[in-house]
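The values are calculated or read from the model by the stated rules, or taken from the named source; none is laboratory data. In this text the structure is predicted, and so the values were computed from the model without any measurement. Because the Cβ atoms are built from the backbone with ideal geometry, glycine has one as well, and the counts that use them run over all protein chains shown.
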Amino acid sequence: MTLAGKRVLLIISGGIAAYKALELIRLLRAAGCAVTPVLTRAGAEFITPLAVQTLAENAVFQDLFSLTDEAEIGHIQLSRAADLVVVAPATAHILARMAAGLADDLATTLLLATDKKALVAPAMNVRMWQHPATVANLASLRARGVFVVGPEVGEMACHEFGPGRLAEPAAILAAIAALLAPEGPLTGPLTGRHAIVTSGPTQEPIDPVRYIANRSSGRQGHAIAAALAALGARVTLVSGPVTLPDPPGITVRHVETAAEMREATLAALPADIAVFAAAVADWRVAQAGGEKIKKTASGAPPILELVANPDILAEIAAPGPRRPRLVIGFAAETEHLTENASAKRQRKGCDWIVANDVSPATGIMGGAENAVLLITGDGAEAWPRMGKEEVAGKLAERIAAHFARVASPPPSGEAAEREK
């Protein structure tokens, strides 16, 4: 992704999620975007001005009543010089002050004085997020044209679970890119390509209240979809049931079962790229109950007949006129990672396999990090453990490099359809 020449005024308010602002700054700078950071007094309790300044490669502004900065009415200049104002994290407190139109420190004065778009990324305790005051404040800000990304659902630093987690830096970056794009998606090395990404688990019903599923969170698949879109691709994300927000600027098809995921994936064709990151259930109940299965007097468990689900990866990877030019599968293994993943690549007929060890001790399944082995026709390459957003970015760049190496490529599936 490139945001070269763009300027973001980043306001970092207080809250434990402030540490993620450092990664957001790194991603923005890597995309060529200039960052002017504003650190509130509460924000400085969690991260240091030196860390922010080092990553932003720019001075950190903190004080409204700075003699140096305000000699030329600095808060007006800061508020007008940026292309976009971003508040990440946005606490319940700063959202309330924004909604009330207060200007009692540098951050809120900038927000009141700006004539540019504003994006907020809320982060707070679930009770604070669900409080009627916060709900009303967000509704008021949205009505005034303030854009919102997140929050995500998950475990809080306070050990409660629910909505309120700050959106991941890659998701905030994608939202920034979408807002700064002149028309439609940003151009990039994958502009003109259509990518299909599957993500999350599938849920196979047993009866109206029970189902077969797995522990996939969808974080890796969603991050890949956002990373491909950031490189200019038109992305269709086919997602099983997850608690993640839809990545901005992406077409999302929500499904529950493997059969529905297959149908949505086939409907999204033709495509140049297909990445199958979803953890599709291998089996489903042959005949799901129409009523809740009751316990019997003897306590004996019901007998469930299982049948195989459709093999979506193998079907899409099979030779044919609608096969995407690059098909990438995922292999979640608990033993013999290289051998099992390599065999899966051959068996499914896909071009690449992204393999990872999901043994319970790794914490990868449902976690924030991943350690993968990329297996292609040229061999296997082990990547170090890193955040799932970083894995997604690296994979997207590798995909872009693959297409760049193809000399005089034939028209994409989408273009070929138009030429018929």
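Candidates in segment 277-307 are the residues that are modelled with pLDDT of 90 or more and among the aliphatic types (A, V, I, L, M); of these, the one that is surrounded by the most Cβ atoms within 10 Å (Cβ to Cβ) is A278. If you filter segment 368-386 down to residues that are within 18 Å of the chain's Cα centre (by Cα) and touching a residue at least 24 places away in the same chain (Cβ under 8 Å), you find that the one that is surrounded by the fewest Cβ atoms within 10 Å (Cβ to Cβ) is A368.
Every residue, every condition in (1) surrounded by fewer than 24 Cβ atoms within 10 Å (Cβ to Cβ); (2) farther than 29 Å from V307 by Cβ, yes or no:
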| position | (1), (2) |
| --- | --- |
| G162 | yes, yes |
| R165 | no, yes |
| A181 | yes, yes |
| A195 | no, yes |
| T198 | no, no |
| I206 | yes, no |
| I224 | no, yes |
| R234 | yes, yes |
| T257 | yes, no |
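Residues that are without any contact (Cβ under 8 Å) to a residue 24 or more places away in the chain and closer than 19 Å to A382 by Cβ: does segment 297-308 have at least one? No: segment 297-308 contains no residue that is without any contact (Cβ under 8 Å) to a residue 24 or more places away in the chain and closer than 19 Å to A382 by Cβ. No other residue among E333, E414, E397 is at pLDDT below 90, under 20 Å from H194 (Cβ atoms) and under 27 Å from the mean Cα position of the chain (by Cα) apart from E414. Among the residues of segment 149-205, just one is of a type in the set (K, R) and at pLDDT below 90, namely R165. Here A361 clears all of (1) modelled with pLDDT of 90 or more; (2) in a helix (DSSP H, G or I); (3) not acidic (D, E) except the condition numbered (1). The helices (runs of 4 or more DSSP H) found wholly in segment 252-358 and carrying at least 1 residues that are in contact with a Pro (Cβ under 6 Å, 6 or more places away or on another chain) and closer than 26 Å to S217 by Cβ occupy 258-268. Contact annotation: residue pairs with Cβ atoms under 7 Å, 6 or more positions apart or on different chains, pairing a residue in segment 11-31 that is basic (K, R) with a partner that is in a loop (DSSP other than H, G, I, E, B), are K20/L166; R29/E57.
Residue-level check: of (1) under 14 Å from the mean Cα position of the chain (by Cα); (2) assigned by TED's automatic domain parsing to the domain that holds A401, H254 misses just (1).
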